[in-house]
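The values are calculated or read from the model by the stated rules, or taken from the named source; none is laboratory data. Since this is a predicted model, take the numbers as computed values, not measurements. Note that each Cβ is placed from the backbone with ideal geometry, even for glycine, and that neighbours are counted across all protein chains shown. Accessible surface is based on the protein model in full, side chains and every heavy atom, while ligands, DNA and RNA are left aside. Shrake-Rupley method; radii C 1.70, N 1.55, O 1.52, S 1.80 Å.
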Amino acid sequence: IRCWSNIPFITVPLSRAHGKSFAHRSELKHAKRIVVKLGSAVVTRGDECGLALGRLASIVEQVSMLQNQGREMMIVTSGAVAFGKQRLRHEILLSQSVRQALHSGQSQLKDMAIPVLEARACAAAGQSGLMALYEAMFTQYSICAAQILVTNLDFHDEQKRRNLNGTLHELLRMNIVPIINTNDAVVPPPEPNSDLQGVNVISVKDNDSLAARLAVEMKTDLLIVLSDVEGLFDSPPGSDDAKLIDIFYPGDQQSVTFGTKSRVGMGGMEAKVKAALWALQGGTSVVIANGTHPKISGHVITDIVEGKKVGTFFSEVKPAGPTVEQQAEMSRAGGRTLAALQPEQRAEVIYRLADLLTDQREEILLANKKDLEEAENKGRLALPLLKRLSLSTSKLNSLAIGLRQIAASSQDSVGRVIRRTRIAKDLDLEQVTVPIGVLLVIFESRPDCLPQVSALAIASGNGLLLKGGKEAAHSNQILHHLTQEALSIHGVRDAVQLVNTREEVEDLCRLDKLIDLIIPRGSSQLVRNIQKAAKGIPVMGHSEGICHVYVDTDASVEKVTRIIRDSKCEYPAACNALETLLIHRDLLRSPLFDQIIDMLRVEQVKIHAGPKFASYLTFSPSEVKSLRTEYGDLECCIEVVDSVQEAVEHIHKYGSSHTDVIITENEKTAEFFLQHVDSACVFWNASSRFSDGYRFGLGAEVGISTSRIHARGPVGIEGLLTTKWLLRGDNHVVSDFSEHGSMKYLHESLPLPQRNAN
């Protein structure tokens, strides 16, 4: 804990030897010394006369936050000319004679001619006001700021360079934020083509080159260049097919077409790239990002330092494989080729993958053993997650059987006609099934998920991006390799991609132009995080699996303990495992209730008492903290209800709409429960563990959805399809169907083609 101006704050442990830039975005959180360059378009208003005060205040807040974490922040700012222009215009208007102003009329006063203002005079008039504004803003966070004005000559004179360097180091030592700007009141006009003067020298002609020069001189870890565009594009922003470059490497300049510079300021994007590459060569990491966008400007600086995917990151380390954006594009192209294959060809791929799972089992289990050993040595996985991580011969055999089921049932999935309508004579409409597009499936500790999801994506003709947990890296690698080997038999290897780059899940969820659907497979916390992070991409899944079993007064003694044991103890970590047991009040002091409790004790299930259940007991188990708890282990809650109606109400209030069960011999009571419980899966006298794609005969599932639209419950091939409309006509136009037209709508339903019986 450090203290400054009597305000305590946490210090981030930051230290690294300068000399080499960071290789990956995730390392930026270790940046100790940071320069933030504010372009003219960021600091000034849209009318170029005056400052964007709200934006500036937000930037100061972020810089202050990082400064109070123990980082050393410096700001290279524009804005003096714009601020001075505003002041000088005001002075010129005031200097007009009062009589002239009064007689000119209000409308003429607005249009009064203002002489062209010389930039150096504007800078001289604006510097003091700009600095006063920064000081007032930083004071709100108990931080002191200091102004430094420099020119190109200050870097060419060795003594001045040493003085500048010493001054900046002393200010940083005292926890003061230096505010640096070119001294535009005296600076000579910029010389053309003088951005770079060799490897070791950069000419200071604008604030981009100043920021780069300063970053290298001060051995800065990170330079953040804020402008009015999202980052560096491969062609001018706004042009067709312009794509934001996530990571830019030295030597990539030939792949970029530069446009015009921003509405204000001395340098365009080309100047920024030259300055960034010069700083990168000097050992400073660089990010160019948008500092004007209202949705992100309030956290753009902190997001960059946290390693989030914002703007363009300059790196000297080029990854061996493709970027995740390239993988998504490869997946989409591969998926379209996959969808164009004959159903029998897609089935052949899945059959081949099923064979590889059994043929290569030794290699798969060896890779899985490495994952298990690493997880146990590091001690970072709880026992339920270790069970999910583990593969076995029986699991692989079950996987292979499931995949063959998918292959057999996929013959008539893509391109199936589900509706035919004759709109008019010789005008027929069809609705046919098509793939959704590119799926992103994020899964934790479940390597068996990879071949299951891959098979479903192949069967439905979808491209697939897979992001597995690092705890299953070895298993995922071999399973993905086998998947691509199977895909290769029909030349669609690229349709399924495994993301191996250091992409954060939150960054993947922002690829709304490349991904059509996200399917999370993992903990409720993972699902909630993805649902929160996904902007513009639908998320299919469930955040929790709070499953109930209700034991009615008419329940069979033989069935109760079997169903409860299977629902809770067969695989307690599963999302379809029992979490809350509802008991009818009349059963509390019955032999059946005693049998239930004895069975749970034998199975070593820890019992938590619900509020009503606890009130009936003198010495009760620990009272439950929340009735909305997913334990994922040998634990469950027991609660008492007075009727089937109350059981339904309890489920609606505390459940997660996943899977709920009634045990009773009373058919009328059972049907009431089945019809009134609003969950994805509702069972009568059957274990909750049947809520599974394989057990439903779907072959496998990409997950269980509790959403209300598209797919619900275990999601198999059908849930990964959408539809499109095909209209076949012969010179038809809408005007023919007007009141006085020659044609009439028929809207006749036509028979569907016969489906493949196999």
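Key figures
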{"quantity": "Positions within segment 544-559 being under 30 Å from GLY437 (Cβ atoms) and open to solvent by 40 Å² or more (accessible area, probe 1.4 Å), in sequence order", "calculated": "GLU544"}
{"quantity": "For MET599: the one exception among (1) open to solvent by less than 30 Å² (accessible area, probe 1.4 Å); (2) touching a strand residue (DSSP E or B) at 6+ places or on another chain (Cβ under 9 Å)", "calculated": "(2)"}
{"quantity": "Which listed residue is modelled with pLDDT of 80 or more, of a type in the set (Asp, Glu) and surrounded by 17 or more Cβ atoms within 10 Å (Cβ to Cβ), from ASP228, ASP184", "calculated": "ASP228"}
{"quantity": "Hey, GLU362 open to solvent by 40 Å² or more (accessible area, probe 1.4 Å), in a helix (DSSP H, G or I) and closer than 30 Å to ILE401 by Cβ or not", "calculated": "yes"}
{"quantity": "Subset of segment 272-296 (residues that are part of a loop (DSSP other than H, G, I, E, B), in contact (Cβ under 8 Å) with a residue 24 or more places away in the chain and on the phi < 0 side of the Ramachandran plot)", "calculated": "GLY282, THR284, GLY291, THR292, HIS293"}
{"quantity": "Residues (open to solvent by 10 Å² or more (accessible area, probe 1.4 Å) and under 17 Å from ASP221 (Cα atoms)) located in segment 301-332", "calculated": "THR302, ASP303, GLU306, LYS308, GLU316, VAL317"}
{"quantity": "Every residue from segment 520-555 that is in contact with a Gly (Cβ under 9 Å, 6 or more places away or on another chain), closer than 30 Å to SER643 by Cα and in a strand (DSSP E or B)", "calculated": "CYS547, HIS548"}
{"quantity": "Strands (runs of 3 or more DSSP E) contained in segment 407-519 and holding at least 1 residues without any contact (Cβ under 8 Å) to a residue 60 or more places away in the chain", "calculated": "463-468, 496-498"}
{"quantity": "The lone exception for GLN254 - which of (1) modelled with pLDDT under 65; (2) assigned to a loop (DSSP other than H, G, I, E, B); (3) surrounded by fewer than 15 Cβ atoms within 10 Å (Cβ to Cβ) it fails", "calculated": "(2)"}
{"quantity": "Selection from segment 562-575 of residues that are crowded, with 22+ Cβ neighbours inside 10 Å and closer than 20 Å to SER524 by Cα", "calculated": "SER567, LYS568, CYS575"}
{"quantity": "Tally, over segment 52-93, of residues that are touching a Ser or Thr at 6+ places or on another chain (Cβ under 7 Å), of a type in the set (Ser, Thr, Tyr) and closer than 19 Å to GLY129 by Cβ", "calculated": "1"}
{"quantity": "Evaluation of GLY105 against (1) modelled with pLDDT of 90 or more; (2) more than 29 Å from GLY54 (Cα to Cα) (one fails), failing number", "calculated": "(1)"}
{"quantity": "Flag if ARG336 is open to solvent by 20 Å² or more (accessible area, probe 1.4 Å), touching a residue at least 12 places away in the same chain (Cβ under 8 Å) and part of a helix (DSSP H, G or I)", "calculated": "yes"}
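Yes/no matrix, rows are residues, columns are (1) surrounded by fewer than 22 Cβ atoms within 10 Å (Cβ to Cβ); (2) over 30 Å from ALA457 (Cα atoms):
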| position | (1), (2) |
| --- | --- |
| THR618 | yes, yes |
| CYS636 | no, yes |
| GLU665 | yes, yes |
| GLY699 | no, no |
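Let's see how each residue does on (1) under 30 Å from SER622 (Cα atoms); (2) open to solvent by 10 Å² or more (accessible area, probe 1.4 Å):
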site	(1), (2)
VAL641	yes, no
HIS650	yes, yes
SER657	yes, yes
ASP660	yes, no
LYS668	no, yes
ALA680	no, yes
PHE683	yes, yes
TYR694	no, yes
SER707	no, yes
